[in-house]
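The values are calculated or read from the model by the stated rules, or taken from the named source; none is laboratory data. All values derive from a computational prediction rather than experimental measurement. Quick reminder, even Gly has a Cβ in these numbers, built from the backbone with ideal geometry, and neighbours come from all protein chains shown. Note: areas computed on protein heavy atoms with side chains; ligands, DNA, RNA excluded. Shrake-Rupley method; radii C 1.70, N 1.55, O 1.52, S 1.80 Å.
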Amino acid sequence: MSSEAVVVVRDVHKTYRYGRSYVRALRGISLEVTRGDIACLVGPSGSGKTTLLNIVGGIDFPDSGAVVVDGVDLGKLKGRELSNYRLRKIGYVFQFYNLVPVLTVAENVELPLALAGVDKKIREGRVRELLEAVGLAHLASRTPDSLSGGEQQRVAIARALANNPAVVLMDEPSASIDVESTVKIMKLVEKLNGELGQTFIIATHDVLVARSCSKIYKIRDGMVVGVYSGDNVARALLGDI
């Protein structure tokens with residue numbers, strides 16, 4: 001595993017306005033994720049996990065601070081550069097998958113490749129490879145509504161991997177599936193991490209998910225209040241993570 005930091009977040013602040021009220025989602029958060037890590041952002045709902053994922057993914061923007069992903073300073077990106085960053089550097093597995101219902105499994109996985117302008121024959125081969133990797137090659141012609149929650153999530157993971165992203169972001173992967181499916185999904189994440197060296201950042205409050213991580217960032221009220229790696233990951237899971 002490389003010791004290179006693929007994601008660097010420095011003193012990031014984010015406040016949202018709701019009518020006359022203000023919510024400070026992130027309060028000077030800083031962290032580094034090493035290439036090849038399975039990093040978990042662990043904390044209760046409202047702690048800022050999803051906000052941080054969205055900022056790393058280029059979906060949302062900080063009020064202040066710096067975010068650098070795979071050598072790209074997000075603060076310098078605009079317009080097409082930002083779209084290209086999201087397409088090529090980031091794979092995102094949303095909490096409710098966000099699959100296109102009128103497309104087949106194969107077409108959903110192919111979509112980011114098509115948007116990136118990849119040749120059709122190459123796209124077809126890459127889709128087969130990805131669906132085999134997540135164990136869904138036999139469901140390539142099905143549509144999302146005919147799949148279980150765990151199967152839909154596997155499609156979303158395959159789609160997220162399509163353009164060989166620097167980082168795959170996963171938001172609450174166990175939120176819409178049962179315990180058995182959660183275990184299977186995290187075994188798949190570990191497999192892809194081990195075989196491909198794929199970096200993952202996962203927002204969760206689920207111990208079943210967190211125990212697969214190589215590093216845990218404990219987040220409370222928009223701040224990192226603890227960092228655990230190595231043997232300390234297991235110790236963290238024994239207490240209140």
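Summary table below
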| item | result |
| --- | --- |
| Tally, over the range 27-55, of residues that are in a strand (DSSP E or B) and under 15 Å from Ile201 (Cβ atoms) | 11 |
| Selection from the range 203-215 of residues that are part of a strand (DSSP E or B) and touching a Lys or Arg at 6+ places or on another chain (Cβ under 9 Å) | Ala203, Thr204 |
| Hits in the range 120-149 - residues which are open to solvent by less than 20 Å² (accessible area, probe 1.4 Å), among the aliphatic types (A, V, I, L, M), part of a helix (DSSP H, G or I) and under 24 Å from Arg86 (Cα atoms) | Val127, Leu130, Leu131 |
| Long-range neighbours under 7 Å by Cβ, at least six apart or interchain, first residue among the polar types (S, T, N, Q) within the range 156-184, second part of a helix (DSSP H, G or I) and open to solvent by 30 Å² or more (accessible area, probe 1.4 Å) | Asn163/Leu87; Asn163/Arg88; Ser174/Leu208; Thr182/Leu208 |
| When residues of the range 75-108 are limited to those that are closer than 20 Å to Asp171 by Cα and of a type in the set (A, V, I, L, M, F, W, C), the one farthest from the chain's Cα centre (by Cα) | Val100 |
| In the range 78-96, residue surrounded by the fewest Cβ atoms within 10 Å (Cβ to Cβ) [restricted to those that are of a type outside the set (Lys, Arg), in a helix (DSSP H, G or I) and touching a residue at least 24 places away in the same chain (Cβ under 8 Å)] | Leu82 |
| Sole residue being open to solvent by 40 Å² or more (accessible area, probe 1.4 Å) and assigned to a helix (DSSP H, G or I), chosen from Val227, Val183 | Val183 |
| Flag if Leu87 is in contact with a His (Cβ under 7 Å, 6 or more places away or on another chain) and farther than 19 Å from Lys215 by Cα | no |
| Output for the range 6-26, where each listed residue is among the aliphatic types (A, V, I, L, M), open to solvent by 20 Å² or more (accessible area, probe 1.4 Å) and either under 18 Å from Gly75 (Cα atoms) or not in a strand (DSSP E or B) (or both) | Val8 |
| Candidate set: the range 97-106, residues that are at pLDDT 95 or above and either farther than 23 Å from Gly125 by Cβ or hydroxyl-bearing (Ser, Thr, Tyr) (or both); chosen: the one surrounded by the most Cβ atoms within 10 Å (Cβ to Cβ) | Thr104 |
| Among (1) under 25 Å from Lys89 (Cα atoms); (2) of a type in the set (Ser, Thr, Tyr); (3) crowded, with 18+ Cβ neighbours inside 10 Å - the single one Ser47 does not satisfy | (1) |
| The listed residue being small (Gly, Ala, Ser), touching a Lys or Arg at 6+ places or on another chain (Cβ under 7 Å) and either assigned to a loop (DSSP other than H, G, I, E, B) or open to solvent by 50 Å² or more (accessible area, probe 1.4 Å) (or both), out of Gly58, Gly117, Gly75 | Gly58 |
| Sole exception among (1) over 21 Å from Val42 (Cα atoms); (2) surrounded by 20 or more Cβ atoms within 10 Å (Cβ to Cβ) for Ser212, by number | (1) |
| Residue pairs meeting the criteria (Cβ under 7 Å; at least 6 apart or on separate chains; first under 26 Å from Val167 (Cβ atoms), in the range 20-33; second surrounded by 15 or more Cβ atoms within 10 Å (Cβ to Cβ) and aromatic (Phe, Trp, Tyr)) | Leu31/Tyr217 |
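Yes or no, residue by residue, for (1) touching an Asp or Glu at 6+ places or on another chain (Cβ under 9 Å); (2) at pLDDT below 95:
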| site | (1), (2) |
| --- | --- |
| Val7 | yes, no |
| Thr15 | yes, no |
| Val33 | no, no |
| Ser64 | yes, no |
| Asp70 | no, no |
| Glu81 | no, no |
| Arg86 | no, no |
| Gly91 | no, no |
| Gln95 | yes, yes |
